[in-house]
Each structure stands twice: as C-alpha cells, then as structure tokens.
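Data block below; observations after.
No lab work stands behind these numbers, since they all come straight from the coordinates. Computed from a predicted model, the values in this text were never measured in an experiment. Note that each Cβ is placed from the backbone with ideal geometry, even for glycine, and that neighbours are counted across all protein chains shown.
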Amino acid sequence: MKLAEEGGFNGVIFQKGLAEKYYDGKVPLILKVNGKTSLPKGEPIARQICSVKRAAEIGAKAVGYTIYLGSAHEDLMLEEFGKIQEEAHAHDMAAIAWIYPRGQAIQNDIAPEIIAYAARAGLEAGADAVKIKYTGNVETFKWAVKCAGKTKVFMSGGPKAKTDVEFLRQVRGVLDAGAVGLAVGRNVWQSSDPLKMARYLKRLVIENRSVEDAMKD
Amino acid sequence: MKLAEEGGFNGVIFQKGLAEKYYDGKVPLILKVNGKTSLPKGEPIARQICSVKRAAEIGAKAVGYTIYLGSAHEDLMLEEFGKIQEEAHAHDMAAIAWIYPRGQAIQNDIAPEIIAYAARAGLEAGADAVKIKYTGNVETFKWAVKCAGKTKVFMSGGPKAKTDVEFLRQVRGVLDAGAVGLAVGRNVWQSSDPLKMARYLKRLVIENRSVEDAMKD
Amino acid sequence: MKLAEEGGFNGVIFQKGLAEKYYDGKVPLILKVNGKTSLPKGEPIARQICSVKRAAEIGAKAVGYTIYLGSAHEDLMLEEFGKIQEEAHAHDMAAIAWIYPRGQAIQNDIAPEIIAYAARAGLEAGADAVKIKYTGNVETFKWAVKCAGKTKVFMSGGPKAKTDVEFLRQVRGVLDAGAVGLAVGRNVWQSSDPLKMARYLKRLVIENRSVEDAMKD
Amino acid sequence: MKLAEEGGFNGVIFQKGLAEKYYDGKVPLILKVNGKTSLPKGEPIARQICSVKRAAEIGAKAVGYTIYLGSAHEDLMLEEFGKIQEEAHAHDMAAIAWIYPRGQAIQNDIAPEIIAYAARAGLEAGADAVKIKYTGNVETFKWAVKCAGKTKVFMSGGPKAKTDVEFLRQVRGVLDAGAVGLAVGRNVWQSSDPLKMARYLKRLVIENRSVEDAMKD
Amino acid sequence: MKLAEEGGFNGVIFQKGLAEKYYDGKVPLILKVNGKTSLPKGEPIARQICSVKRAAEIGAKAVGYTIYLGSAHEDLMLEEFGKIQEEAHAHDMAAIAWIYPRGQAIQNDIAPEIIAYAARAGLEAGADAVKIKYTGNVETFKWAVKCAGKTKVFMSGGPKAKTDVEFLRQVRGVLDAGAVGLAVGRNVWQSSDPLKMARYLKRLVIENRSVEDAMKD
C-alpha cells in the first residue's frame, strides 16, 4: 500500500483477500475477481473467486479478470467475463480484462499478431480496458493499441527487465504506442529502489516525460 | 459504421463491445451474443458472452448466435440457443442462428447435404433466420433454402472471392435460390472500393437487379 | 400438417421451431423438447432446447424427450427428464420419453431384454408414455409392454419396412402386444401413398381392425 | 404393494414413476430420488431424478439417494446428497443414503474396512440412515454399525442367498450386529413363497426372534 | 466431544452429520463444509456438502473448506471457496481454508516454497485463517506465516509423530513461527493418554509455555 500512495499511482490491483485486509481507500482499487495458482499443469483456467457485488462493497473502482486466450477453457472465461462486465457496469465499475494468450495452442505469447488479436478480443468482449503484454517493439504494439479501438490499453508488467533503464525505455515505448498506462509488479517491487522507480514511472505516465528527463533526480 | 450507413445495408452485426462503443443507432443492429477466438485447437464451442437483456438495452433488433453443428459440444450450443431464442422473442427481438458445421466429424463443411441439414436444424431450433455458407451451386443451395422452410436464409460472407464480379455472381445465385440476403464482411471491407461494392450489393439484394445491371455505374 | 389432419392421427410431434411456424392447433401437439443432429460421433446426448413453459404457450398437450439409455451421458438425460416431467405435470401436460438404448455399451438396440429394460426405465422415471423400438417379435414386445406397467407404450416408427403390408403387420403385432399406438415418420411419408397409409394405420390403431381388413379399400 | 402390506413391512422403496402410479399410502414410502441403469460402462454416477418437493407431495416419509463411494464422480454425488439431505429435513422427511463403494478404485466392495468406511461416510454426510452391504460376518459388520454412530444401519438385500434359511441367518446376524433393519428385494420376491418369507423377516426384525423360532409355522 | 471440553480446546471441527448428531454447543464449532473419501484415485476434489446457511443454523462460529492446491480441479475449489467465504461473512462466521497442495503436479507437499505459496493463496482468497502442514522446520514455517499476512495460520495435525514429546516440540516450533494454533486429530486421539496430551497442548497454545514446562504434571 505504501508504495502505491507515495508513488502516486493511479490505482492498486488486489485480490479479494488482500483488499479486505489491507486496502485503506487512499488510492483507487482494481479488484481482481478471478485467480489461479501456477501449480496445475493442464490448460489454464482461472474462475471467479470474488463476486462483483463484494468488489463494490469493498470500494473497488474497477474489476479485473484474466482471460487465457487460446486455452482449451477459453470459452468458460469469455462467458464468465461477459457476465462480470455487465454486472460491473450495473454497479458503475469498469471491467478490465487481462488477456494473456496461453496453453498448448500458443507458440509465442508475445508475437505481434497474437497480442493484436488479444487486444481486439478485449474490445469485442466489452472490456473498458485490456492489460496485454508488450510485443517488444513500439511499431507492433501500436498496431495492437489500434486493434483495441476505444478500449484502453495497459501494458502488463511482464518479466523483470535487466536494468531499471531498460524497463523505463520499454514503458516509454508502450506509452508512445498509445497505451494509457501499465500494471506493474515485480519491476517496481524488485528494483533496487522501489520508491524511486515508482517516481520515475509516474513522470513517464502522468507527466508524459522522456526516460532521460524522468530519471533526473 | 460509415460503410453500413452509406451502403444502405439492412443492418450491422456487432459483438457487445463494438456495439457499446461504436453503435449509433442509425441502422438496425444485430448483436452477436456468443463468440470465440480461432486459437483453441479442440472441438469448437462458443458460449454466450452477452445477455439478451443487455442486447435489448443496447437497442438490438435481433441477436445472433453461432452453432458449430457436428462439434462434440453441439449439445451445449443447441441448448443455449434454445434459451436465447425464447428470451429474445420475449424481448421482441429476432433470433438468428449462424449454423456452421465444424469439428472432427465434418469432412466438408459446404457439402450440399450438410448445408441443407444445417438449414433444417435452424428451422427446428426455432431460428427466425439462419446464416449458412454457400454450397457453391445455385441448385443445391435452393434445396437448403427449401429445408429451412419459413426460416429465412442469409448467406454467410465466407472466404474472399477472387474478383468482385465473382463475389457478386455468387450473391445473385444465392438470392435466386431464395435467400433473403447475406451477411458480408471481408468481401466488402477488403474489396478495392468498399463503398462501390456496398452499392452493388444493395442493388442485388434490395432492388433485385442482375449482376451486370448492378455494376453499371 | 395436412397428413396429420386427413389421416385422423392422435397428434403430431414437432420440434419447437416447426411448432412455432407451422402448427395450427387442429390436432393435438406433442412438443419434442430436446434434440441433436446425427453429426457428432461421440456418446450420444440431446439436451433440452425448448422450455416446458414455452411448450405450454404453444399449446402442446405433451412434451417429448429422448433418453439415450446406456450412453455415457445417460445420467444427464435422466436428470433432465426428471425435471421436465415434474414441470410438464405442473402445466397439465403429459411427459413422454423416447427411450433409445445407444452408445458404445449397447450391442443390439432392439434386443428383447434391452427394450424391456428401456420400458421399465421409462416407468421408473415417471413417464406417462414411452416410445420404444419394436423388438421384431410380438411375444418379446409383450414382455416390454408388461415391464412398462401403467406407462403407455408407443412403438417408434423405426427404419422403413420393405413393403407397406410388412409395416402394417409390424404395427398390428405391436398393438396386439399391448402398445397403445405408434409414432410414425418415414414409413408414412415415404410410402407410395401416404394418405392411404395413414388411413390404414388409423383403422389398425383406432378401430382395432386386422391388417387384411384395414387394407380393404 | 400387496407383499408390503401383508408382510407388515415398515415401508416400501419406490422410484418416482412407480410411486406416482402404484403407491396407495397404506405403508410408509421411501422415495428413491436418484437412479441409473446398469448399461453404461464408465465410472458410476446416478443423478437426482425426483425433486424433494415432489417426493413430499407424493407422501414420502423419507428420500433415498445412492452414493457410489470411490467412483470418479463421488464428489458430485456427495454434493448432491448434501443438498437433498437439507431439503428433506426442511420437509420433515428423513434422508437415507445407499452407500455402495464402486468403480475402478474399489477392489472388493464388501471388504470390512470398506463397508465401515461407507458407514462412517454416511454419518459424516448427515444421513439419518445408511443402507450398506453385509460384510459376510457378524463381527466385522458390528464394526461398521459402530462406525455409523447415531446413523441407523440397514442391510442392503444384496445378491440372492442360496436357501431361505441362509438368507434369514444372514439377516439375524446383521440385526445382532446392531442394524435396525434391511432393505429387501429379490430375496423376498424370488423366494419360493414370498409371503411366507416376508412373515419370517417380520418376526426377525420386528419381534426380534431367532431364525429357528421365526420359521415355526 | 468429551476430549474437546476437558482439554479446553478453542473449538471442534465437525462435518455436518457429526455436528447435527453430536454437537452440544459447549465449545465453539467449526463446521467443515466440503469433504471427500480417500478412495478415488484421480486428481483430488472435495465439493461443498453443507450449506453455509445450515452451518449457521447448527451454531457454527466458522466454516472450514479444503482446497487441494495444484489439483487439476483447483479452479473449482477456489471458485467455491470464494462464494462460501462471502456467504460465511454475511452470516458473521469466519471462513477457514485448509490448503493442501496435492495432485500429480505436486512433488513434495511440505516443501517450504509450496507451503508458503499455500499460505499466500489463502490470504489472497480471503480466508480468515488457513490450515497448512508443517514444513518440518521453524525457519521455513516462519516464512509461510509471513506469507499469510493478516490471515491466521493453524498447523494441520498431519501424520502421527513418533513420540508425544516429538509432537509437542513440533507444535512449539509452529507456535514460535507465528502460528496461532493447530488443528489436531490422531496425534491426540491416538496418543497413550489423550486427555493428558490435550492438557499439554493447551499449555503450549493458550498459556504459551515451553514443552518441558508444559509436560510437568
């Protein structure tokens, strides 16, 4: 929580349990309403574990839901997101889809056409925003952002970049491609100075500054 | 949207997300209420991702639902369409079934007897209209139209024809066979001049003109 | 429809779509509330595709439901029929079970002991009537009728008989065995003179005449 | 029905269909609310085919439900019994579990430890009574009865004994082990004199007499 | 029950059936609302067999639910726990998750990182407390307790220790690691003197005494 407030983030993403026990209402809350562990080896599926009503009671501004596109259970997740999106809107909350291509049918989960397809799927499903992985390239990510249309695009934090500056460059590219922000995790928490990193990110995202300019401090 | 209005189409077909973000009410809306991606490799299934109630709120005149006939999950789609059809009628909306034979049990998804069976299945399931693929031949398609009985038949746009005139001839054949219209996609958007193509189609479908006559202009 | 009225049948059997578009109320209607195609190759299952409430609105006197006894999905169909039977009775409609042994576990779907088992299963499940296949022999069919107890037995039309008289003899045998009637399809529609065949059947079933007597005309 | 009244049985066990068509209210009714055929070859499962509400309307004093313990579908049956037990109690009916270990995981379905486990499972699931098979031995069955705690134990009729006296001795052993009764079927119906057999059983169960004493007559 | 009262335990854990037949209200009740047998060989799953409403009627202070983390059916249990947790809180009961990694994907179900993951999963799922196995080492268990955050940690009784003192040392280690208590079973019932063992445990858990001090008596 501390990081989120001091860094001036737009919001925090919590599972129900963390939100119930730690959320203090100081920054907007995105409640992740489905979840799984990384233990099972089969085709991925994460089902709803928090009701939309409960997310509203906790004070969430949006609900988040992960869809493993291409999984043999894709149909169940698309169906469930469909219901959650309608219920979230009825509670005046946004519905954000984490769209991650995964499963045996997926060779490369950050291939440009796959990421663009994920963005488009989020638009069609009615997501207010999608969280997708970076393609590794500004031009191809731009295409994905275009495919998402009026659905906003957040970049998923993804695997840890080798250096802080590498991570910030990646973020700058994503923003230049039209993304509205990013959902970060380990790249901030595991950086050498999480608070400094959070400040840099804020300058990129909110103040729209360059990497070099942002890192002056 | 632009194409739909200028071309004078009878309606547009949108998934929930596109309808919510782009539909302006100027042409009738058919809301597609199930959907899938092309990524999973198993037996095809597309589940409901938009409620009928939500389709009505958005202002749809009809709901569309795809049934992959012959899929190992055919039973789930026939069941779901059954509920959606009743709910749509209760909301004064038509229920349109896209009926596509698909899955390991299907050798040739445009074989005349398969397309005729698809048409008949749509009639039995209570569809107000079915969208089926062209058999490639006017006589066999006529048989399919007959099998659909009082259920109206739309030709699915299908794969892109080699030339515009080839596509228009295909459409004329389908109309002569008794189909009431067609659901187009890439054959219009990807033609050299989409607006001109839309105008030609309108002349065939609405004004019932010949291909040669329609293309004068 | 025409055949049904002129032939003086006790009723017609329609799927929802046909009933909604063609049923005129002149003869009693049995609405078939589940259905499948013959395309999928796995263990057979047909799920509910018409609600009992809708069947009542359409004016059905009874609902029909197929149970593929012995299928790996038998449990789902027995469960669904259980609900439908109770709902049908609450709407003052009869519940008729088509009981067809089918699937990998079934070697011979008209073996006397299998047909008798099917009849008994219909009685236990609470069916007002069962539709079962002819065993090919009056004595063994009598046993099946006895196993059905107070549940009425209809013979399923089954595969087309070689001649009209062969079909009529089969019907006479079934009636002599205690069946109350038969559900016909292709044996009437595909006979050389459907209306004449319907007249003959009426004489056998309603007027209880012999085959020779019935065919005088 | 006749046998039940003349023999002075405590109750009859019927499936819904038999109860609706033959039950006359003269003896207490146990309505069996799930069922299957012996045709499918896979892991056993029997789903609910009669609602608890309907069982109450018919006048049942108790509902019966079979759980195939050890089946790959055990979880679905334990879950369903859990709901049925609560609903039955809400309707002032008892909930009786037939607990039969079955499926590929079960080597010997009457092994003492398996039968004791079945009895215990019935107690934990909240059954008012369990129906379990005889272990073949008074001492081991006593253990099973003890494992059932306050849940009453009925012996399942099981396969036909070679002679009437052998069957009666089995019953006496079961009663001596603490069972409150037995659910009989073919051992009564298929005995040389069903009414006499019923009289003997009554003397064992209700009047607590020895086999030799009971057979004097 | 006797043991629980005399030993001064914080509560007893019962399945529905045991609670309905034996619980006398003298100590707080945790009602276990799912369950399975050890017979089926496939990926583990235990479904809800007692409603939260029923648990509340019986007088439970908390409901317990087992999640087999890593099972191929993990998703169904996480989903079900999600609903139960919300319903329990609505009835002013705590929701306790027994989190046991199990199934083909799990090599070592007490590996420190697995136990820590289980603890974290319980926190994210919204459990008020988790019951997890001992890692066998105070330091690694401390890590698991930390991962559980504000979710309280109980040690699962686990397999029987070789001696009473070995078991008590294990308990002391767990408490030193931050656990609030333990859920015992066979280590108490099967010890040479269950009442004495219960007294020792009370001294460790409630009075926070050392093993040597606790065993003076």
Expressed as a fraction of 2.2 N^0.38 Å, the rule-of-thumb size for a compact globular protein of N residues, what is the C-alpha radius of gyration of the protein assembly as shown?
1.08
Scan around E:I13 for amide H atoms under 5 Å from its own, H built in the peptide plane at 1.01 Å from N, and keep only partners 5 or more places away or cross-chain.
E:I30
Treating only the Cβ atoms of Lys and Arg (+1) and Asp and Glu (-1) as charged, compute the dipole magnitude of the range C:1-117 about its Cα centre; round to the nearest 20 debye.
420 debye
So what are the radius of gyration and Dmax for the Cα set of chain D, in Å?
16.7, 49
Label points for D:K150 built 7 Å along Cα→Cβ; distances to same position in the other copies, nm, shortest first, come to 3.9, 3.9, 6.2, 6.2
Quick one: which residues, 5+ away or cross-chain, put their amide H under 5 Å from the amide H of D:R47? H built at 1.01 Å from N.
D:G35
Using a 7 Å Cα-to-Cβ projection, E:G59 label spacings across copies, nm, ascending
3.8, 3.8, 6.1, 6.1
log₁₀ of I(q)/I(0) at q = 0.13, 0.16, 0.17 Å⁻¹ - the range E:148-217, Debye sum with one point per alpha carbon:
-0.32, -0.49, -0.55
Separation of alpha-carbon centers, the range E:49-110 and the range C:149-217, rounded to whole Å
59 Å
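When the expected Rg is taken as 2.2 N^0.38 Å, what fraction or multiple of it is the alpha-carbon Rg of the range B:115-185? List each step's numbers first, then the result.
Details: Rg = 11.4 Å, N = 71, 2.2 N^0.38 = 11.1 Å.
This ratio for the range B:115-185 stands at 1.02.
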Go through the range A:197-204 residue by residue and turn each phi into a ³J(HN,Hα) via Karplus (6.51, -1.76, 1.60, θ = phi - 60°); whole Hz please, and just put x for glycine and proline.
4, 4, 5, 4, 4, 4, 5, 5
Which distances, shortest first and in nm, link D:G178 to the matching position in the other copies, using label points set 7 Å out along Cα to C-beta?
4.6, 4.6, 7.4, 7.4
Value at 222 nm in deg cm²/dmol, rounded to 500, when DSSP H runs of n ≥ 4 in chain E each add -39,500 (n - 2.57)
-12500 deg cm²/dmol
Rounded, prolate or oblate: pick one for the range C:69-156, where a ≥ b ≥ c are the square roots of the eigenvalues of its C-alpha gyration tensor, a/c under 1.5 means rounded, and failing that, prolate if a/b is larger than b/c, else oblate.
oblate
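Counting only other chains, what is the mean number of Cβ atoms within 10 angstrom of the Cβ of each residue in peptide D:30-39?
Working: counts 0, 0, 1, 1, 4, 7, 5, 15, 3, 15.
For peptide D:30-39, the averaged partner shielding equals 5.
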When you have a sec, figure out the Kirkwood radius of the range B:9-60 from all distinct Cα pair distances and drop it here in Å to one decimal?
11.9 Å
Across peptide B:113-125, how many C-beta atoms of other chains are within 10 Å of each residue C-beta, on average?
3
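If you average the sequence gap of Cα pairs under 8 Å that are 6 or more apart and divide by the length of the range A:35-124, what percent do you get for the contact order? Walk me through the intermediate numbers first.
Numbers: 119 pairs, mean separation 26.2, N = 90.
Relative contact order for the range A:35-124 comes out at 29 percent.
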Quotient of C-alpha Rg and 2.2 N^0.38 Å, computed over the range D:40-100:
1.14
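So what is the relative contact order for chain D, in percent, with contacts set as C-alpha pairs under 8 Å and at least six apart?
Working: 396 pairs, mean separation 31.1, N = 217.
Contact order relative to length: 14 percent.
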5 Å binning of all Cα-Cα separations within the range C:1-110, expressed as whole percents from 0 upward:
2, 13, 22, 20, 17, 14, 9, 4, 0
When chain C is turned about an axis onto chain D, which of its residues keeps its C-beta closest to that axis, and how many Å is it?
C:L76, 9
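Roughly how crowded by other chains is peptide C:81-92, in terms of the mean Cβ count from those chains within 10 Å of each of its Cβ atoms?
Values: counts 1, 11, 5, 0, 6, 7, 1, 0, 2, 1, 0, 0.
Mean partner-chain Cβ count within 10 Å for C:81-92: 3.
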Using a simple spin-label model with points 7 Å from Cα along the Cα→Cβ vector, what separation in nm is obtained for B:E212 and C:K150?
7.5 nm
Calculate one ³J(HN,Hα) per residue across the range B:179-185 by plugging θ = phi - 60° into the Karplus curve 6.51 cos²θ - 1.76 cosθ + 1.60, and present them in order as whole Hz with x for glycine and proline.
5, 8, x, 8, 9, 9, x
Apply 1/(1 + (r/R0)^6) to the Cβ-Cβ distance of E:K26 and A:K61, taking R0 = 41 Å, and write down the FRET efficiency to the nearest 0.05.
0.30
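So how strong a dipole does chain B carry about its Cα centre when Lys and Arg Cβ are +1 and Asp and Glu Cβ are -1, to the nearest 20 debye?
Details: 31 positive and 26 negative charges, 87 e Å.
The dipole magnitude comes to about 420 debye.
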Which lysines does C:K216 reach when only Cα atoms under 30 Å apart count, and residues fewer than 8 places away in its own chain are ignored?
C:K2, C:K26, C:K131, C:K133, C:K142, C:K152, C:K160, C:K162, C:K196, C:K202
